[in-house]
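For reference, the structure is listed below as structure tokens.
The values are calculated or read from the model by the stated rules, or taken from the named source; none is laboratory data. Treat the numbers as computed from the prediction; the structure is a model and nothing was measured. Cβ sites come from the backbone with ideal geometry, for glycine too, and all protein chains shown count toward neighbours.
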Amino acid sequence: MDALARDALLVGAGLVAGTLGAAGGITTLVSYPALLAVGLSPLSANVTNAVSLSASLVGSSLGSRPELVGQRARVGRGAPIVVAGCLVGVAVLLETPAPLFARVVPYLLLAAAVALVAQPWLVRRRRGSHPAAVGVALFGVGVYVGYFGAGSGVMVLALLGVALDETLARANALKNVLLGAADVVAAGAFLLFGPVRLAPALWLGVGLLAGSALGPSITRRAPEAPVRWVVAALGAGLALWLLAHPG
């Protein structure tokens, strides 16, 4: 693949990933395979993807401005918890040998695909929740974001759907900001200490910035089920391929 085709693939993948991720939380299931497709190793693709994802905070915040009105206090409470968990996840990842990470990735992808499909059931099971339990869950998701993150947006969206009496669009806007803050922190750590590939990160980030600005408007209009099932199937398919082709 020549440089022009590679860069175009990454921008296009970022556009799709950013749009879908800001609309419901499936960014990494698109952006991570794109980085593998242009030749990055699993570990390098993961940290490069994390750097690119920081662009989504800007785009999704701009696109979600109507839904973020009145949610400043929730952001102030939730963001530090998710960021703290993210730092733990980053530290674990940087101490994980690359071959071990390659073996773990397929199972993380499968878990993300299951979380994606299970989201409507989790939301229907809303029973109310204790703030401490929500805080612990957000911290755990933050750890996962720092380590890998595929499907973390769906996990947070499902958690907020159970914890808050809010519309999907407002819960999704809150999710975008919480995870965006964690992505920025992870990006800084990986730029300092991880095997980041800067050129792929830049081109993927360009697409993510544009796509994430469009995603919130889709949440207001599009049916969720078809996108959820298609992306879950792609994530599961990638996981099975990686299991069959280790390393």
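Going by the conditions given, is Val206 more than 13 Å from the chain's Cα centre (by Cα), outside any helix (DSSP H, G or I), over 30 Å from His130 (Cα atoms) and not polar (S, T, N, Q)? Spelling it out, it is not the case that Val206 is more than 13 Å from the chain's Cα centre (by Cα), outside any helix (DSSP H, G or I), over 30 Å from His130 (Cα atoms) and not polar (S, T, N, Q). Looking across the range 122-147 at every residue that is part of a helix (DSSP H, G or I) and at pLDDT below 75, the one that is farthest from the chain's Cα centre (by Cα) is identified as Arg124. For the range 170-203, the set of residues classified as in a helix (DSSP H, G or I), closer than 16 Å to Leu43 by Cβ and among the aliphatic types (A, V, I, L, M) consists of Ala186, Ala187, Ala189, Leu191, Leu192, Leu198, Ala201, listed by residue number. For the range 205-240, a residue qualifies if it is within 15 Å of Pro106 (Cα to Cα) and modelled with pLDDT of 75 or more, and the qualifying residues are Ala232, Ala233, Ala236, Gly237, Ala239, Leu240. Of the candidates Arg221, Arg197, the single residue that is among the charged types (D, E, K, R), more than 18 Å from the chain's Cα centre (by Cα) and within 19 Å of Leu157 (Cα to Cα) is Arg221. Contact map, the range 130-150: first residue free of Cβ contacts under 8 Å to residues at least 60 places away in the same chain and over 15 Å from Ala112 (Cβ atoms), second residue surrounded by 17 or more Cβ atoms within 10 Å (Cβ to Cβ) and among the β-branched types (Val, Ile, Thr), Cβ cut-off under 7 Å, separation 6 or more or different chains; pairs are Gly135/Ile81; Phe139/Ile81. Considering only the range 45-60, I want to know if a residue exists there that is modelled with pLDDT of 80 or more and more than 29 Å from Leu214 (Cβ to Cβ). No, every residue in the range 45-60 fails to be modelled with pLDDT of 80 or more and more than 29 Å from Leu214 (Cβ to Cβ).
Looking only at residues of the range 140-177 that are hydroxyl-bearing (Ser, Thr, Tyr) and closer than 23 Å to Gly188 by Cα, we find that the one that is surrounded by the most Cβ atoms within 10 Å (Cβ to Cβ) is Ser152.
Is the range 215-223 home to any residue that is of a type in the set (A, V, I, L, M, F, W, C), in contact with a helix residue (DSSP H, G or I) (Cβ under 9 Å, 6 or more places away or on another chain) and surrounded by fewer than 23 Cβ atoms within 10 Å (Cβ to Cβ)?
Yes, some residue in the range 215-223 is of a type in the set (A, V, I, L, M, F, W, C), in contact with a helix residue (DSSP H, G or I) (Cβ under 9 Å, 6 or more places away or on another chain) and surrounded by fewer than 23 Cβ atoms within 10 Å (Cβ to Cβ).
Selection of the range 61-97 for residues being small (Gly, Ala, Ser), within 30 Å of Leu192 (Cβ to Cβ) and exposed (fewer than 14 other Cβ atoms within 10 Å of the Cβ) yields only Gly76.
Whether a residue is buried (at least 22 other Cβ atoms within 10 Å of the Cβ) and assigned to a helix (DSSP H, G or I) was assessed, and Leu35 passes this test.
For the range 102-121, which residues satisfy the criterion of being under 18 Å from the mean Cα position of the chain (by Cα), within 18 Å of Leu43 (Cβ to Cβ) and modelled with pLDDT under 80? The answer is Val104, Val105, Leu108, Leu109, Ala112.
Taking the range 70-85 as the range and being touching a helix residue (DSSP H, G or I) at 6+ places or on another chain (Cβ under 9 Å) and in a helix (DSSP H, G or I) as the test, the residues that pass are Arg74, Val75, Arg77, Gly78, Ala79, Pro80, Ile81, Val82, Val83, Ala84, Gly85.
Here Ala150 meets each of (1) at pLDDT 90 or above; (2) within 17 Å of the chain's Cα centre (by Cα); (3) not in a helix (DSSP H, G or I) with one exception, condition (1). Quick check on my filter: what residues within the range 183-204 are under 25 Å from Pro66 (Cβ atoms) and buried (at least 22 other Cβ atoms within 10 Å of the Cβ)? Scanning the range 183-204 gives a single hit, Asp183.
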